[in-house]
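Structure, as structure tokens:
The values are calculated or read from the model by the stated rules, or taken from the named source; none is laboratory data. Keep in mind it's a predicted model, so treat the numbers as computed, not measured. Here the Cβ positions follow ideal geometry from the backbone for every residue, glycine too, while neighbour counts run over all protein chains shown. Areas reflect the complete protein model, heavy atoms only, side chains present, ligands, DNA and RNA absent. Shrake-Rupley method; radii C 1.70, N 1.55, O 1.52, S 1.80 Å.
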Number of protein chains: 2
Amino acid sequence: MEKQNPKINLAILGATGNVGRKFLEVLEERDFPVNNLSLLASEKSVGKKLKFKEKEYTVELAKKDSFKDINLVLASAGAKVSKELVPYALKAHTVVVDNSSAYRMEKDVPLVVAGVNDKDLKNHKGIIANPNCTTAQLMPPLKALHSLAGLKRVIVSTYQSASGAGKTAVDELTQQTKEYLSSGKYNSKAINRKFAFNVVPHIDDFVEDGYTKEEVKVINESRKILGLPNLRITCTAVRVPVFIGHSESVNVELEKSVTREQIVRTLRGMPNLIVMDDPVESPMAIDIAGKDPVYVGRIREDKSNPNTWNMWVVADNLRIGAALNAVRIAETLLKEDLIKVPAI
Amino acid sequence: MEKQNPKINLAILGATGNVGRKFLEVLEERDFPVNNLSLLASEKSVGKKLKFKEKEYTVELAKKDSFKDINLVLASAGAKVSKELVPYALKAHTVVVDNSSAYRMEKDVPLVVAGVNDKDLKNHKGIIANPNCTTAQLMPPLKALHSLAGLKRVIVSTYQSASGAGKTAVDELTQQTKEYLSSGKYNSKAINRKFAFNVVPHIDDFVEDGYTKEEVKVINESRKILGLPNLRITCTAVRVPVFIGHSESVNVELEKSVTREQIVRTLRGMPNLIVMDDPVESPMAIDIAGKDPVYVGRIREDKSNPNTWNMWVVADNLRIGAALNAVRIAETLLKEDLIKVPAI
């Protein structure tokens with residue numbers, strides 16, 4: 001008799017946020033095998049109703065004893081909530097895939113992009129971290145190029161969408177745009193930056209040496225995911241007035257000389273990566289919003305430096321960068337029997 | 001007796017375009033010494049009225065014999081018109097400052113950014129070319145850094161505004177934005193790209209090797225202006241939904257080791273360049289539109305490579321990138337007695 005697929009008791013921590021809702025959408029699309037579903041959030045969202053597979057669920061308060069009999073938590077409630085509640089999930093023997101930055105750089109926590117370093121899941125101690133969205137979409141092409149010819153140096157400039165800053169920023173972009181078109185002025189005050197028809201050259205707080213936390217995440221998380229602790233990489237992270245979809249201008253120096261054809265073929269060999277190789281049909285945020293793959297285009301030699309290539313990487317930051325990657329990780333955990341769940 | 005300031009007979013070629021109108025604004029602001037003013041344009045603009053210093057001028061047809069008794073032409077009517085008409089201006093002994101790409105890379109034509117390579121004006125043969133806007137704003141910081149420590153390699157990713165693509169693109173951005181906000185769809189057809197709430201990773205046509213003309217201009221024009229024919233430089237040119245103001249993420253490798261303080265001090269020593277050194281107050285397109293200087297911020301060491309620095313360069317592309325630079329060049333030509341005009 002064939003072993004039945006296990007069905008698991010799943011909790012979503014931060015269920016009502018941008019990514020929380022996207023978790024439900026992606027889980028349903030991919031027919032993830034859910035037995036019981038708990039939707040957990042903070043006080044202000046308790047009692048809200050959300051649908052999953054035709055059934056309505058009521059949001060409950062996320063608290064220390066929320067994890068009894070839960071096999072898996074998909075968490076996206078911010079670093080503070082994760083730091084507070086994840087230890088209680090672990091005590092309840094619950095595996096947590098955490099979308100926050102709380103545990104990403106901890107030694108015992110695998111930081112995983114599905115299809116890039118799934119092997120790291122084997123060593124998990126209960127927490128698996130989902131990287132920052134900006135890092136996540138960069139990893140499939142960099143992994144492919146590293147396998148082909150060795151990464152020597154990477155320079156990234158980003159064009160990040162409002163949705164990366166949460167639902168407030170998306171609403172703010174709409175609001176500011178309308179106000180600016182009608183009055184030529186910025187009246188909104190929810191975020192302290194002029195956002196519509198502008199480019200904001202910093203994301204998240206500043207740290208030492210003038211970098212932002214967002215830029216440091218791209219640098220450190222890339223090194224950890226690729227298993228290259230000394231990877232030479234720098235980043236400039238910039239917000240643009242786009243709703244969904246991060247774009248990245250990437251300059252990659254390789255160790256070895258390869259042809260353009262080899263690069264295209266290698267990228268096409270990566271799962272969930274699409275090369276758009278007609279330059280006029282280069283990937284654009286507006287077209288890829290809502291789609292699963294990472295899109296790479298404008299692959300061209302940087303003739304000013306040996307073995308160096310420019311490319312343009314676009315993905316839906318809410319999917320590859322958050323919900324989709326977490327669900328893919330959960331699928332692998334199930335498939336590889338890395339969640340302790342009974343077959344029912 | 002002191003020599004009086006010469007007043008010159010000035011023609012604007014392409015007077016009704018985005019840059020043509022900006023010429024008049026800048027000439028008036030700077031009280032440029034104009035004797036007679038001719039506004040020249042194509043058939044469809046003939047008869048339009050434009051104001052300069054309280055006086056109304058009527059647009060005339062630009063033709064071969066438009067340049068009699070004209071001392072100086074400021075041209076911004078596109079490469080095709082410049083190629084057709086500039087030779088007749090030269091025959092009439094008229095000096096032309098040309099904003100088009102028609103003559104930029106010709107050996108005998110100085111390509112000048114005011115304050116960067118004014119010395120090249122001395123050798124002009126009647127035509128002085130104004131660089132592409134994207135190149136123009138990059139030159140003051142690169143010139144300063146080259147003088148300080150030698151440029152070794154430059155990697156630029158741009159965030160270019162709609163106005164760089166002309167008045168049609170600006171109108172299209174407004175129109176598309178309104179349509180998208182009301183219907184979630186793109187209905188406009190004036191340009192064949194989705195522009196609002198999107199990032200378009202190519203500007204102008206494609207040339208060999210997958211680069212765009214815009215990117216090739218940045219590479220070739222930078223080399224010519226800086227007098228560094230072998231400068232190692234690459235560019236990815238990207239359009240963002242901003243009305244006015246180009247932003248550039250620039251990674252610069254220097255020959256010599258210098259401190260951050262030396263870099264900031266050197267940049268501050270450049271004319272028309274402002275360093276905004278508080279990272280939270282980094283330069284943004286929306287704030288610098290309508291202003292004259294080039295703004296540099298987010299200066300930070302790229303620790304992944306020796307002697308390498310990241311920075312963020314923003315300027316009003318219609319001013320430093322076009323009208324203002326042309327007028328500054330004209331002022332220098334007058335001051336250095338490089339236009340043959342009688343003092344009146």
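What residue, of A:Arg232, A:Arg239, is among the basic types (Lys, Arg) and more than 8 Å from chain B (Cβ to nearest Cβ)?
Working: A:Arg232 fails: more than 8 Å from chain B (Cβ to nearest Cβ).
The unique qualifying residue is A:Arg239.
Which one of these is surrounded by fewer than 19 Cβ atoms within 10 Å (Cβ to Cβ) and either in contact (Cβ under 8 Å) with a residue 40 or more places away in the chain or within 30 Å of B:Asn71 (Cα to Cα) (or both): B:Lys167, B:Lys143, B:Lys178?
Exactly one of B:Lys167, B:Lys143, B:Lys178 is surrounded by fewer than 19 Cβ atoms within 10 Å (Cβ to Cβ) and either in contact (Cβ under 8 Å) with a residue 40 or more places away in the chain or within 30 Å of B:Asn71 (Cα to Cα) (or both), namely B:Lys167.
Of everything in region A:104-136, what is open to solvent by 20 Å² or more (accessible area, probe 1.4 Å), in contact with a Leu (Cβ under 9 Å, 6 or more places away or on another chain) and not hydrophobic (A, V, I, L, M, F, W, C)? Give them in sequence order.
Of everything in region A:104-136, those that are open to solvent by 20 Å² or more (accessible area, probe 1.4 Å), in contact with a Leu (Cβ under 9 Å, 6 or more places away or on another chain) and not hydrophobic (A, V, I, L, M, F, W, C) turn out to be A:Gly115, A:Asp120, A:Lys122, A:His124, A:Lys125.
Every residue in region A:225-253 that is open to solvent by 10 Å² or more (accessible area, probe 1.4 Å), farther than 20 Å from A:Ile288 by Cα and of a type outside the set (A, V, I, L, M, F, W, C), please.
Within region A:225-253, A:Gly227, A:Pro229, A:Asn230, A:Arg232, A:Glu253 qualify.
Could you list all residues from region B:22-45 that are closer than 22 Å to B:Ser163 by Cα and either surrounded by fewer than 19 Cβ atoms within 10 Å (Cβ to Cβ) or aromatic (Phe, Trp, Tyr) (or both)? Explain how you work it out, then say what you get.
Initially, region B:22-45 is screened for residues closer than 22 Å to B:Ser163 by Cα, giving B:22-29, B:39-42, B:44-45.
Selection gives B:Phe23, B:Glu25, B:Glu28, B:Glu29, B:Ser42, B:Lys44.
Counting only residues that are closer than 22 Å to B:Arg328 by Cβ, give me the strands (runs of 3 or more DSSP E) lying completely in region B:68-175 with at least 3 of them.
Ranges flagged: B:72-75, B:95-98, B:127-129.
Name every residue in region A:143-175 that is away from every other protein chain (no Cβ under 14 Å) and at negative phi, in order of residue number. Steps first, please.
Start the filter on region A:143-175 by keeping residues that are away from every other protein chain (no Cβ under 14 Å), which leaves A:143-150, A:165-168.
Correct list: A:Lys143, A:Ala144, A:Leu145, A:His146, A:Ser147, A:Leu148, A:Ala149, A:Ala165, A:Lys167, A:Thr168.
Only one of these conditions is not met by B:Asn317: (1) touching a helix residue (DSSP H, G or I) at 6+ places or on another chain (Cβ under 7 Å); (2) within 30 Å of A:Leu151 (Cβ to Cβ); (3) in a loop (DSSP other than H, G, I, E, B); (4) within 13 Å of chain A (Cβ to nearest Cβ). Which number is it?
(2)
Quick one: how many residues across region B:59-102 are within 18 Å of B:Lys217 (Cα to Cα), charged (D, E, K, R) and in contact with a helix residue (DSSP H, G or I) (Cβ under 6 Å, 6 or more places away or on another chain)?
So the count comes out to 1.
Sort through A:Lys256, A:Lys291 and tell me the only one that's open to solvent by 60 Å² or more (accessible area, probe 1.4 Å) and under 16 Å from the mean Cα position of the chain (by Cα). Don't jump to the end; show me each part of the working.
Working: A:Lys256 fails: under 16 Å from the mean Cα position of the chain (by Cα).
Sole residue among the options that is open to solvent by 60 Å² or more (accessible area, probe 1.4 Å) and under 16 Å from the mean Cα position of the chain (by Cα): A:Lys291.
A:Glu281: at pLDDT below 95, surrounded by fewer than 18 Cβ atoms within 10 Å (Cβ to Cβ) and not small (Gly, Ala, Ser), yes or no?
The answer is yes for A:Glu281.
The conditions are (1) at the interface with chain B (Cβ under 8 Å from one of its Cβ atoms); (2) at pLDDT 95 or above; (3) surrounded by fewer than 22 Cβ atoms within 10 Å (Cβ to Cβ), and A:Asp209 fails exactly one of them. Which is it?
So the condition that A:Asp209 fails would be (2).
Within region B:294-314, can one find any residue that is among the aliphatic types (A, V, I, L, M), in contact (Cβ under 8 Å) with a residue 12 or more places away in the chain and away from every other protein chain (no Cβ under 14 Å)?
Yes: region B:294-314 contains one or more residues that are among the aliphatic types (A, V, I, L, M), in contact (Cβ under 8 Å) with a residue 12 or more places away in the chain and away from every other protein chain (no Cβ under 14 Å).
Which of the residues spanning region A:25-55 are in a loop (DSSP other than H, G, I, E, B) and among the hydrophobic types (A, V, I, L, M, F, W, C)?
Across region A:25-55, the qualifying residues are A:Phe32, A:Val46.
Being free of Cβ contacts under 8 Å to residues at least 60 places away in the same chain, on the phi > 0 side of the Ramachandran plot and away from chain B (no Cβ under 14 Å): is that true of A:Asp337 here? Write out each step before concluding.
Working: free of Cβ contacts under 8 Å to residues at least 60 places away in the same chain: yes; on the phi > 0 side of the Ramachandran plot: yes; away from chain B (no Cβ under 14 Å): yes.
Yes; evaluated as a whole, the condition is true for this residue.
When you check B:Gly184 against the structure, is it out of contact with any Lys or Arg (no Cβ under 9 Å at 6 or more places or on another chain), farther than 21 Å from A:Ser282 by Cα and open to solvent by 40 Å² or more (accessible area, probe 1.4 Å), yes or no?
yes
For region B:192-202, check the following and say yes or no: at least one residue is more than 10 Å from chain A (Cβ to nearest Cβ) and open to solvent by 60 Å² or more (accessible area, probe 1.4 Å).
no
Scan region B:46-66 and tell me whether some residue there is over 27 Å from B:Asn317 (Cα atoms) and surrounded by 20 or more Cβ atoms within 10 Å (Cβ to Cβ).
No, the conditions are met nowhere in region B:46-66.
Tell me, please, whether a residue that is at positive phi, in contact (Cβ under 8 Å) with a residue 12 or more places away in the chain and more than 9 Å from every other protein chain (Cβ to nearest Cβ) can be found in region B:257-273.
Scanning region B:257-273 turns up at least one residue that is at positive phi, in contact (Cβ under 8 Å) with a residue 12 or more places away in the chain and more than 9 Å from every other protein chain (Cβ to nearest Cβ).
Consider A:Gly78 carefully, then state whether it is closer than 24 Å to A:Ala114 by Cβ, crowded, with 23+ Cβ neighbours inside 10 Å, within 22 Å of the chain's Cα centre (by Cα) and not hydrophobic (A, V, I, L, M, F, W, C).
no
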